[in-house]
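A short write-up of the structure that comes next.
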Amino acid sequence: MRLQSKVAVITGGANGIGFAATERFAQEGAQVSIVDFNEELGRQKAEELQSEGYHVKFFRLNVANEQDVQHTMKEIADVYGRIDILVNNAGITKDSMLHKMSSEDFKKVMDVNVNGVFYCAQAAMPYMVKQGKGKIINTSSVSGVYGNVGQTNYAAAKAAVIGMTKTWAKELGSKGINVNAVVPGFTETGMVAAVPEKVIEKMVAMVPVKRLGKPEDIANAYVFLASDESDYVNGTALHVDGGIMM
Ligand code: CAA
Ligand code: NAI
């Protein structure tokens, strides 16, 4: 039980990588709050895990809404008395080539993937400072490090996530809070299901381990960065991408 009794908040925890993380964290003994704007799925997944005896609750939230983020983090802290771990996992894509990308789609991706990460970290951090310990894990992407055709908005957002991670690692390290990013490669979730087959084939061909990531591969990295095993890991961007580019 590597996360015994830890209070964890996982944004986008209702689906894909976030749900795999919710399951893994619960198995490791954490009390997990799924924070997601998909209410139907979030409630269903939380009930599924509760029926297996795990401690999982659902909170409906759009991470791009600053006021709602403040309110929800307070609600969670009121229920548990603390917040030990924040996984800023919620994210969206709105892909198109530069010449076709609308400023609305650029902004929508920034609102969720950058502003949402900022709002959640800012709202959860005071509880961690008070406790003198905490873990913030931000989800970036290989697109943010290497760029990717059709992803001007998303790549910019995921690069920003690494910048915020390193800044917060410097600001909060002395307060007992570790801040790290995970950099997933292409991973089998609904997000990748929308990518044309020929693009996926090209990507897999570039991966030395010759497969897409599984949500559990990413969730396992989250568990490590959330656990006491990573207390001296701070400001890193941990690639979980099968070595797609080095
Ligand atoms: N590498 C190189 N060239 C590419 C390419 C790629 N990955 N993807 C598209 N192109 C090329 C096409 O071959 C095409 O070239 P030609 O004009 O010479 O034929 C040109 O770019 C335009 O492509 P489309 O005809 O597909 O243009 P479109 O406007 O219909 O669609 C697109 C553009 C929406 C970007 C579409 O190509 C697409 O969905 N691509 C995949 C984008 C992608 O990889 N998204 C990742 C989503 S998963 C995720 O984001 C998770 C994560 O963190 C990695
Ligand atoms: P997904 O689409 O399967 O799940 C995302 C979850 O986030 C959903 O439950 C959705 O309802 C929720 N969500 C989206 N916007 C939200 C918002 N504004 N507020 C609250 N919840 C919101 O996506 P996936 O693949 O599990 O992605 C998780 C994270 O991993 C994202 O940050 C994504 O950018 C990142 N990532 C994914 C990769 C992949 O190949 N699947 C690769 C690299 C990074």
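Summary table
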{"quantity": "Nonlocal amide H pairs with Gly242, under 5 Å, H built at 1.01 Å", "calculated": "none"}
{"quantity": "Crossing angle, helix 116-131 versus the chain [Cα axis fit, 0-90 degrees, rounded to tens]", "calculated": "30 degrees"}
{"quantity": "Packing rank of 238-244, 191-197, where each peptide gets the mean count of other beta carbons within 10 Å, highest leading", "calculated": "238-244, 191-197"}
{"quantity": "For q = 0.13 Å⁻¹, Debye-computed log10 I/I(0) when each Cα of region 71-195 counts as one equal scatterer", "calculated": "-0.56"}
{"quantity": "Qualifying lysines (Cα of each under 16 Å from Cα of Lys166; at least 8 residues distant if same chain)", "calculated": "Lys135, Lys158, Lys175"}
{"quantity": "Dmax and Rg, reported as Rg then Dmax, of region 1-155 (C-alpha, Å)", "calculated": "16.0, 51"}
{"quantity": "Global form of region 1-90, assessed from the alpha-carbon gyration tensor, a/c cut-off 1.5", "calculated": "oblate"}
{"quantity": "Packing-based ranking, highest mean first, of 32-38, 79-85 given that Cβ atoms within 10 Å are counted", "calculated": "32-38, 79-85"}
{"quantity": "Nearest-20 debye value, the chain charge dipole, Cβ charges on Lys, Arg, Asp, Glu", "calculated": "560 debye"}
{"quantity": "Relative contact order (percent, whole number), the chain, Cα cutoff 8 Å, 6+ residue spacing", "calculated": "20 percent"}
{"quantity": "Cα long-axis angle, helix 66-80 against the chain (0 to 90 degrees, to the nearest 10)", "calculated": "40 degrees"}
{"quantity": "Solution diffusion estimate, µm²/s, Stokes-Einstein, region 150-194, Kirkwood Rh from C-alpha pairs, 37 °C, viscosity 0.692 mPa s", "calculated": "266 µm²/s"}
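Here, each number is a calculation from the coordinates, and none is a lab measurement. Computed from a prediction, not measured in an experiment: that's the story for all the values here. No Cβ is skipped: glycine too gets one built from the backbone with ideal geometry, and neighbour counts run over all protein chains shown.
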